[in-house]
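Have a look at the structure below before the remarks.
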Amino acid sequence: MADQPYWNPRTETMAREELEALQLAKLRRVVAYAGERSPHYRAALAKAGVGPQDLSTMADLRRLPFTTRQEWMEGQDLRPPYGTLPVAGPEAAIRLHTTSGTTGRTPLRALDSRKDWAWAADMWCYGMWAMGVRPHDLAYLAFGYGSFIGFWGLHYGLEKLGALVVPGGAQTTESRVRQIVEFGATVVATTPTYALRLAQCSRDLGLDLPGSAVRTVVLSGEPAGSIPETKRLIEDQWGARAYDTAGMTEIATIFMFECLHQPGGAHIIEDHVLEEVVDPVTDEPVPYGEMGERVVTSFGRSMIPLIRYRTSDLVVKVPASRCSCGRTFDIYEGGVLGRADDMRLVRGTNVYPRAVESIVRARPEIDEFQVRIVTEGIRDEIYLRCELHDQAARAAEWPAIQAWLADALAGAHEGLRFRVELAEPGSLPRFELKAKRLVDLRAASRPLTLEVAP
Amino acid sequence: MRATAGYGAGAGPTDLLGRPVEDADAELLEVYARLRHLAGRDDLPPCVTANVRHALGFVGVAVTDLGLVFEHLLDRGT
């Protein structure tokens with residue numbers, strides 16, 4: 001078993017035309033199921049005048065209406081607490097999870113049945129197996145184990161796979177680092193931000209993390225897992241290889257994973273999710289190699305079928321042939337590149353948190369940072385505030401780092417001048433889950449808003 | 001909705017793309033059908049019903065992974 005390269009060789013190496021035929025077969029069944037049982041889809045599909053009988057080819061996918069987060073939230077208000085999407089009540093479910101709430105919007109509530117949860121864990125197995133995780137591994141999950149779905153599915157996936165799992169919840173960072181080293185963990189799962197914090201903590205404690213047994217760091221929860229500069233920093237500080245994944249509470253699990261070949265992106269689990277990339281304004285599909293918004297249809301969750309869900313994630317899809325691993329699953333180049341609603345407009349220039357992070361992480365002296373956008377008089381200003389590792393000892397280095405950052409940021413942002421400042425040690429927020437490093441304090445913040453018809 | 005693998009013009013069951021299944025697949029489908037049947041019974045002790053429903057969830061994922069069957073099992077308590 002352990003020497004097999006794929007978790008599910010039948011579909012992971014399936015010819016593209018067969019894979020699409022399989023997706024179409026599943027799509028028809030999901031549409032029929034949702035139209036019969038979900039109050040939301042019963043109404044939405046009837047309004048659109050479309051049903052499973054109308055899906056003859058994949059091109060017919062576009063006849064189906066989009067589903068939005070707004071509709072999910074409105075459904076929860078209309079029929080509290082679970083909304084109008086679920087096909088059954090909580091008596092049919094065994095788990096309840098919520099979204100993280102980091103966007104400041106109403107958290108979504110998601111129910112899973114026994115089979116849903118077995119499926120969610122299985123999607124993680126696709127990813128873990130592709131990263132080389134095997135039953136002999138000892139995996140440490142540096143995660144809070146709360147109602148946010150986070151790495152819960154990974155925990156069950158690792159158990160299914162046969163690995164030994166250490167749940168690292170409800171502990172201090174110091175305690176987690178000690179356990180990782182003392183237990184001989186070979187695999188550690190964490191967010192990119194927290195991976196760096198764990199590494200810093202290990203240095204503070206005098207522990208030799210690069211010399212430990214850890215060989216694989218599983219990243220999720222933030223786009224930073226695919227930012228080359230951040231990943232390199234993590235790999236250097238852990239002495240291990242870091243692999244990106246991305247998932248979402250709305251589908252219960254991950255939809256992409258990075259394989260051992262690390263082709264500069266992550267494979268989409270295309271036998272279980274149908275991923276479209278569309279222009280966020282025109283809704284038209286964009287071709288391979290162009291950035292657009294992810295739209296997902298999930299085949300796996302029985303409690304909450306999800307059809308053409310608009311994610312706001314920005315991605316670039318490229319063909320599977322970009323990777324030499326043998327999988328025929330297409331790839332999101334560079335992972336999730338950001339969120340459409342993360343973008344800020346500052347004096348006419350687009351600023352994406354990911355682009356800023358990729359520059360900041362090129363300087364390993366920086367421990368933590370924050371971007372603040374404010375209005376001063378009639379003008380918007382953007383500040384980058386940084387804390388350094390061993391800040392007191394590095395005071396003399398700061399002017400050179402500051403100048404480098406200012407130049408690099410201006411160069412990447414059409415000459416927009418960032419005011420780069422040193423923050424007091426320990427004054428910037430630290431994160432275990434999804435980091436939120438961009439703070440827009442303008443009276444009326446102006447994210448890119450997607451005009452999506454309900 | 002159709003619950004299990006279909007049957008083509010030949011003697012055996014077919015997968016979701018209408019192709020005949022392999023021997024190991026057929027064996028797995030038998031296990032799935034038995035669990036599916038047991039999960040729907042209401043005359044078994046809780047220790048049997050709960051474990052069978054849990055097992056059905058796992059085997060249900062396996063047959064879906066292989067493209068043999070694709071169904072939602074809420075009506076079977078799974």
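Considering only A:278, A:303, A:288, whose Cα is most displaced toward the positive end of the charge dipole of the range A:270-336, charges sitting on Cβ of Lys, Arg (+1) and Asp, Glu (-1)?
A:303
When the Karplus curve 6.51 cos²θ - 1.76 cosθ + 1.60 is applied with θ = phi - 60°, which whole-Hz ³J(HN,Hα) does each residue of the range A:143-156 get, with x for Gly and Pro?
7, x, 6, x, 6, 5, 5, x, 9, 4, x, 5, 3, 6
Any idea how far the Cα center of the range B:19-78 sits from the one of the range A:360-430, in Å?
When both Cα centres are located, 56 Å separates them.
Helix-only estimate, please: 222 nm mean residue ellipticity of chain A, summing -39500 (n - 2.57) across DSSP H runs of length 4 or more and dividing by its residues, to the nearest 500.
-9000 deg cm²/dmol
Below 8 Å between Cα atoms, with a sequence gap of 6+, how large is the relative contact order for the range A:293-430 in percent?
With pairs under 8 Å counted, the relative contact order is 16 percent.
Return a single number: how many Lys pairs in the protein assembly as shown, at a sequence separation of 8 or more or on separate chains, have alpha-carbon atoms below 26 angstrom apart.
10
What's the ranking of A:170-182, A:191-203, A:111-123, A:227-239 by average number of surrounding C-beta atoms within 10 Å, highest first?
A:111-123, A:191-203, A:227-239, A:170-182
Using modelled backbone amide H atoms (1.01 Å from N, in-plane), which distant-in-sequence or interchain residues come within less than 5 Å of residue A:259's amide H?
A:267
Taking the inverse of the average 1/r across all pairs of different Cα atoms in the range A:344-440, what Kirkwood radius in Å do you get?
13.8 Å
Give, in whole angstrom and from largest to smallest, the semi-axes √(5λ) of the equivalent ellipsoid of the protein assembly as shown, with λ running over the eigenvalues of the Cα gyration tensor.
41, 27, 21
Once amide H atoms are built 1.01 Å from N in the peptide plane, which residues 5 or more positions from residue A:422, or in another chain, come under 5 Å H to H?
A:386
Give the dimensionless ratio obtained when the Cα radius of gyration of chain B is divided by 2.2 N^0.38 Å.
Chain B yields a ratio of 1.11.
What dipole magnitude, in Debye to the nearest 20, does chain A give about its Cα centre under +1 on Lys/Arg Cβ and -1 on Asp/Glu Cβ?
I would put it at about 740 debye.
So, in Å, what gap is there between the alpha-carbon centers of the range A:200-264 and the range A:290-322?
So the two Cα centres are separated by 22 Å.
Within 10 Å of each Cβ in peptide B:55-63, how many partner chain Cβ atoms are there on average? Round it to a whole number, please.
5
Kindly express, to the nearest 10 degrees and within the range 0 to 90, the angle between helix A:398-412's C-alpha long axis and the longest C-alpha principal axis of chain A.
Here the helix axis deviates by roughly 40 degrees.
Tabulate in residue order the Karplus-calculated ³J(HN,Hα) for the range A:347-361, using 6.51 cos²θ - 1.76 cosθ + 1.60 with θ = phi - 60°, rounded to whole Hz; enter x for Gly and Pro.
Whole-Hz 3J(HN,Hα) from phi for the range A:347-361: 6, x, 10, 6, 10, 10, x, 4, 5, 5, 4, 5, 7, 4, 6.
Mind listing the phi-derived Karplus ³J(HN,Hα) values for the range A:232-237, rounded to whole Hz, using 6.51, -1.76 and 1.60 with θ = phi - 60°, and x for any glycine or proline?
After applying 6.51 cos²θ - 1.76 cosθ + 1.60, I find 4, 4, 5, 5, 5, 6 Hz.
Name the residue farthest towards the positive end of the dipole of chain A from the options A:30, A:198, A:422, assuming +1 on Cβ of Lys and Arg, -1 on Cβ of Asp and Glu, about the Cα centre.
Of A:30, A:198, A:422, it is A:30.
Quick one: which residues, 5 or more positions from residue A:165 or on another chain, have an amide H under 5 Å from its amide H? H modelled 1.01 Å from N in the peptide plane, none for Pro or chain starts.
Hits under the 5 Å cutoff: A:139.
Just so you know, all these numbers are worked out from the coordinates, no wet-lab data involved. Being a predicted model, the structure only gives us computed values, none of them experimental. Cβ atoms come from the backbone with ideal geometry, glycine included; neighbour counts cover every protein chain shown.
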